[in-house]
Amino acid sequence: VQVGCGQNVLLIWSSCPEDTLLSVVEELRRAVGDKGSVQLENTERLLLGAHRESSFETVLTGIVSPSAIITTDPILTEIARILKPGGRLVMREPTCPVGTVTNMRSMDSLKTTLTLTGYVNTKLDVISQTEEERKQFCLALAKQRNVAAEAMSNVSLVEVAAEKPQYEVGASSALPLSFAKQKATPQAKSDAQQNAGAVWTLAANDLVDEEVDLMDADTLLDEDDLKKPDPSTLRVCGTTGKRKACKNW
């Protein structure tokens, strides 16, 4: 995972060998140099931490093998809060086809979750693993879920790269809008009158008799429309007491 010199980096970890974790930390510290910093946080303690808003240029989670972290929605939200605008999230997470493993997201579902949480420029790539890495990966997942390792056969390890937008979550900016009534200038009034006249003016050839197709009024009514109503069908109106067609019919 590439990090820039002078960056403030947060590494989120879960259960993993201590020597592997220290090796990753040392590698990150060499990359950021003396002007940068690398902080550690356990995934179960992140929401309880006191990290300030917009503190890190890069947040890494699940990159320490074996990567068995399922990054929950609240953690993704917290990471977005502590990332600086334009900051980068790099995470590795197990995924599976829809419905094959309980409480595990598919790649499409993971991408949708990141988008809804506010991340942009999201990219997902399946990580190629050696046979031994695959074995350790499945064992770690199975131990975490208290199931047999064979149950993890459809699971893939995915690396996600996403960014926080170039603004703070909830930021606002005044728009140059004015709802005050604008006083029309004489030129604007003249233009409006000319435009109105152009809309409603008919040209002389618009009413040439040979070109105007008029409907015959007699064709609008059929024989039933021309018949007089049968007096026997009329009822006495309940409001006037007169025999006539009534709305109460």
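In table form, for the structure just shown:
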| quantity | calculated |
| --- | --- |
| Extreme residue, farthest from residue 42 (Cα to Cα), among residues of the stretch 54-94 that are within 18 Å of the chain's Cα centre (by Cα) and small (Gly, Ala, Ser) | 86 |
| Given (1) aliphatic (A, V, I, L, M); (2) buried (at least 16 other Cβ atoms within 10 Å of the Cβ); (3) at pLDDT below 90, number of the condition residue 28 does not satisfy | (3) |
| Flag if residue 76 is of a type in the set (A, V, I, L, M) and without any contact (Cβ under 8 Å) to a residue 12 or more places away in the chain | no |
| Per-region count, the stretch 6-25, residues more than 32 Å from the chain's Cα centre (by Cα) and either of a type in the set (A, V, I, L, M) or loosely packed, with under 11 Cβ neighbours inside 10 Å (or both) | 6 |
| Identity of the residue in the stretch 132-167, open to solvent by 70 Å² or more (accessible area, probe 1.4 Å) and in contact with a strand residue (DSSP E or B) (Cβ under 6 Å, 6 or more places away or on another chain), that ends up modelled with the lowest pLDDT | 167 |
| Qualifying residue in the stretch 168-189 (condition: surrounded by 10 or more Cβ atoms within 10 Å (Cβ to Cβ), under 30 Å from residue 125 (Cα atoms) and at pLDDT 70 or above) | yes |
| Subset of the stretch 44-56 that is in a loop (DSSP other than H, G, I, E, B) and in contact (Cβ under 8 Å) with a residue 40 or more places away in the chain - its residue that is nearest to residue 12 (Cα to Cα) | 51 |
| Among (1) in contact with a strand residue (DSSP E or B) (Cβ under 7 Å, 6 or more places away or on another chain); (2) in contact (Cβ under 8 Å) with a residue 24 or more places away in the chain, the one test that residue 25 misses | (2) |
| Residue check for residue 119: open to solvent by 80 Å² or more (accessible area, probe 1.4 Å) and among the aromatic types (Phe, Trp, Tyr) | no |
| Tally, over the stretch 110-134, of residues that are without any contact (Cβ under 8 Å) to a residue 12 or more places away in the chain and either in a helix (DSSP H, G or I) or among the β-branched types (Val, Ile, Thr) (or both) | 7 |
| Single unsatisfied condition, residue 158 versus (1) touching a residue at least 60 places away in the same chain (Cβ under 8 Å); (2) in a helix (DSSP H, G or I); (3) within 25 Å of residue 74 (Cα to Cα) | (2) |
| Options 59, 64, 38: the member that is within 22 Å of residue 163 (Cα to Cα) and in a loop (DSSP other than H, G, I, E, B) | 64 |
| Residues of the stretch 80-101 satisfying the condition of being touching a residue at least 40 places away in the same chain (Cβ under 8 Å) and outside any strand (DSSP E or B) | 80, 81, 82, 96, 97, 100, 101 |
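Residue by residue, here is whether (1) under 24 Å from residue 17 (Cα atoms); (2) touching a Ser or Thr at 6+ places or on another chain (Cβ under 9 Å); (3) buried (at least 20 other Cβ atoms within 10 Å of the Cβ) holds:
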position: 48; (1), (2), (3): yes, no, no
position: 54; (1), (2), (3): no, no, no
position: 59; (1), (2), (3): yes, no, yes
position: 64; (1), (2), (3): yes, yes, yes
position: 68; (1), (2), (3): yes, yes, yes
position: 77; (1), (2), (3): no, yes, no
position: 81; (1), (2), (3): no, yes, no
position: 90; (1), (2), (3): yes, yes, no
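The values are calculated or read from the model by the stated rules, or taken from the named source; none is laboratory data. Not measured: the values here are computed from a predicted model. Note that each Cβ is placed from the backbone with ideal geometry, even for glycine, and that neighbours are counted across all protein chains shown. Heavy atoms of the whole protein, side chains included, go into the accessibility calculation; ligands, DNA and RNA do not. Shrake-Rupley method; radii C 1.70, N 1.55, O 1.52, S 1.80 Å.
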